[in-house]
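Peer 1: The structure's right below; bear with me while I get my questions together.
The values are calculated or read from the model by the stated rules, or taken from the named source; none is laboratory data. Here the structure is a predicted model, which means the values were calculated and not measured. Cβ sites come from the backbone with ideal geometry, for glycine too, and all protein chains shown count toward neighbours. Protein only, heavy atoms only, side chains kept; ligands, DNA and RNA dropped before computing areas. Shrake-Rupley method; radii C 1.70, N 1.55, O 1.52, S 1.80 Å.
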Amino acid sequence: MNGAIASFSNSFASLPAHFFIRQQPTPVAKPRLLMFNRPLAEDIGFASNGFDDATLATILGGNVLPPGAEPISMAYAGHQFGTFVPQLGDGRAILLGEVLDRSGTRRDIQLKGSGRTPFSRRGDGRAALGPVLREYLVSEAMHALGIPTTRALAAVATGEPVYRDGEAIPGAILTRVAAGHVRVGTFEYFAARGNNSALRQLADYVLDRHYPAARDAERPYLALLKVVAERQASLVARWMSVGFIHGVMNTDNMAVSGETIDFGPCAFMEAYDPATRFSAIDQFGRYCFGNQPNAAHWNIARFAEALLPIIDPDAKRAVELAEEVVAAFPGWFDSAWLAGMRAKLGLVTAQDGDLELAQALLDIMAAQQTDFTLTFRRLCNAALAVNDVSGPRALFPEPGAYDHWILAWRSRLASEARHPEVCAQSMRKVNPAFIPRNHRVEQALNAAIERDDFAPFAELFSVLSRPFDEQIDKMPYAAPALPDERVSRTFCGT
Ligand code: AMP
Ligand code: MG
């Protein structure tokens, strides 16, 4: 029996015409449903049970529009690796519309890879299977880690090839679910055109949709800058707490909703090193692990610049007000980061010296290249037993510095007098055992692409859906890559 599909609305399509271009998805030859996220579909009221795969594939492949959909491609600009590009826009994405989730919140439903749009420039408007599966897996893993992110509803094979680097590879479409798709680059688009009334309309739209409390502030657009900056500070601190490297933190890839968006060449760090970068296009390490807070700060400064004309009619006053917010960003990031580190170290109170304690461990890890995830996960065991048999000691080739550090940590823990079991439990809720390790991701994608074998992908996906649970039978997934398995570069595959 067929279920019913939710009726769509599209609040963005009610904005003035120059905010977007109406664009139908281009039908594909043979849509086949590869992945469908049923729990998410239910949460967002997308489709009731009983919907058959073939019908879902025709809708999520872009061949049939769901009721109420008003497909559009959104206009935006962006700073890419520091260089301003006045027009980017959805070159291969089409926003079908919005559905209301269980809590009554609007969620965008977007097809990515659904054909050319007026923003495609030289691109084909399509996506290759590998990057689609990668975003599906990593965005859902981020969600399971408790990090704000866009979600993946479906992956559909198009039955058509796409051509990348002269090679024909299978094409696919991702259905992305987001709190909203307005980016810092959307504001830059109108700012670059000197269109202040459009800027105001966009800001009002974002305030209404995401930050209604800020609407009542004395200066709502300054309040918008502040709340977006605070969300980004907190988001990037969350990334840093699990070793996530976004890889393309251009302003067009920064959502003002505060969700992680646009999973291209993203990857998780293994051995701790702030200079870690995977993205093949990030030649100079602008978006390397340790530079992410600076990159976010830089992007927020671009956001502030875009908002200047609507912050205050007096240009000088607008700059003063905006600068104050931008200057506060590093402090917001630092406190969010330190709060995250305290939790990782099992500390519930804030004491002087905590920052130095956390930094000292990271310095030793950097010097000895220990695995970021495994070190913190094993530290949870060290909270329980003083002999450190199952703790992180064995990960350090020269454990002297670590032995010294652990004494300081134990004495700091003792100052809180929490039961060791309670402490270890709380640490296990923030220090994941399982992250999407690059070699595992690669293995799963290769099996799917080369052999049409989705079993490794399904197993990895299932392991990553419970990253904080022990999952004793899945321990190989917790292990870092062996030297010959290591993946050192990732590609965005567009
Ligand atoms: P990204 O680096 O994926 O965030 O994309 C940057 C810009 O390039 C955006 O405007 C995308 O819509 C556009 N783009 C990326 N890949 C394609 C493609 N295959 N076809 C058309 N436009 C694309
Ligand atoms: Mg993008």
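Peer 1: Please list, by residue number, every one of the chymotrypsin sites (Phe, Trp or Tyr not before Pro) in segment 404-467 that is coil in DSSP and has at most 10 other beta-carbon atoms within 10 Å.
Peer 2: Passing both the DSSP loop test and the Cβ count: no residue.
Peer 1: Go through Ser234, Val319, Pro118 and say which Cα lies farthest out towards the positive end of the charge dipole of the chain; charges sit on Cβ, +1 for Lys and Arg, -1 for Asp and Glu.
Peer 2: Pro118
Peer 1: Kindly report the accessible area of the chain per residue (heavy atoms of protein chains, probe 1.4 Å, no ligands, DNA or RNA), in Å².
Peer 2: Accessible area per residue: 40 Å².
Peer 1: As a test question: what accessible area, to the nearest 10 Å², does Trp298 have when a 1.4 Å probe is rolled over all protein chains in place?
Peer 2: 80 Å²
Peer 1: Report, largest value first, the span of the C-alpha coordinates of segment 329-449 along each principal axis, in whole Å.
Peer 2: 53, 40, 29
Peer 1: Determine the distance separating the Cα centre of segment 449-463 from the Cα centre of segment 75-126; give it in Å without decimals.
Peer 2: Here the answer is 27 Å between Cα centres.
Peer 1: Just to verify a number: FRET efficiency for Ala327 and His419, C-beta to C-beta distance, R0 = 45 Å, to 0.05?
Peer 2: In this case the efficiency is close to 0.60.
Peer 1: Output the DSSP H helices from the chain with an along-axis C-alpha extent of no less than 18 Å and a mean Kyte-Doolittle hydropathy no less than 0.5.
Peer 2: 220-242, 354-368
Peer 1: Would you please give the FRET efficiency between Ser411 and Ile169, computed as 1/(1 + (r/R0)^6) with r the Cβ-Cβ distance and R0 = 56 Å, to the nearest 0.05?
Peer 2: 0.50
Peer 1: Please tell me the relative contact order of segment 245-399 in percent, rounded to the nearest whole number, where contacts are Cα pairs under 8 Å and at least six residues apart.
Peer 2: Relative contact order of segment 245-399: 20 percent.
Peer 1: Less than 21 Å apart at the alpha-carbon level, and either on another chain or at least 8 residues along: which lysines does that give for Lys226?
Peer 2: Within the straight-line cut-off, Lys226 pairs with Lys316.
Peer 1: Also, quick follow-up: Starting from the Cα coordinates of segment 12-178, work out the convex hull volume and express it per residue in Å³.
Peer 2: Hull volume over Cα atoms, normalised by residue count, gives 129 Å³.
Peer 1: Mind jotting down a quarter of the surface of the convex hull over the alpha carbons of the chain, in square nanometres, one decimal?
Peer 2: Dividing the Cα hull surface by four gives the mean projection, 24.0 nm².
Peer 1: Now, a different point. Once you place label points 7 Å from the Cα toward the Cβ at His439 and Gln80, how far apart are they in nm?
Peer 2: 3.4 nm
Peer 1: Run the simple label-point estimate for Glu485 and Ser197 please: 7 Å along Cα→C-beta, distance reported in nm.
Peer 2: Here the answer is 6.0 nm between the modelled labels.
Peer 1: How far is it, in nm, from the label point at Arg116 to the one at Asp403 when both lie 7 Å from their Cα along the line to the Cβ?
Peer 2: For Arg116 paired with Asp403, the spin-label model returns 6.8 nm.
Peer 1: Suppose every K and R has +1 on its Cβ and every D and E has -1 on its Cβ; what is the size of the dipole of segment 345-494 about the Cα centre, in Debye to the nearest 20?
Peer 2: 200 debye
Peer 1: Relative contact order for segment 12-178: what percent, with Cα pairs under 8 Å and sequence separation of 6 or more?
Peer 2: Relative contact order, segment 12-178: 25 percent.
Peer 1: Tally Lys and Arg at +1 and Asp and Glu at -1 over the other residues with C-beta under 11 Å from the C-beta of Leu207: what net charge comes out?
Peer 2: 0
Peer 1: Just the number, please: carbon plus sulfur as a percent of the accessible area of segment 386-443, 1.4 Å probe, no ligands or DNA/RNA counted.
Peer 2: Carbon and sulfur together cover 60 percent of it.
Peer 1: Among Ala382, Trp405, Ser415, whose Cα sits farthest toward the positive end of the charge dipole of segment 345-494 (+1 at Cβ of Lys/Arg, -1 at Cβ of Asp/Glu, about the Cα centre)?
Peer 2: Going by the Cα projections, it comes out as Ser415.
Peer 1: Here's something else I'd like to know. Provide the gained length on full extension for the span Gln471 to Glu320, in nm with one decimal, where the gain is 0.36 nm per separating residue minus the Cα-Cα distance.
Peer 2: Separation in residues times 0.36 nm, less the Cα-Cα distance, equals 49.1 nm.
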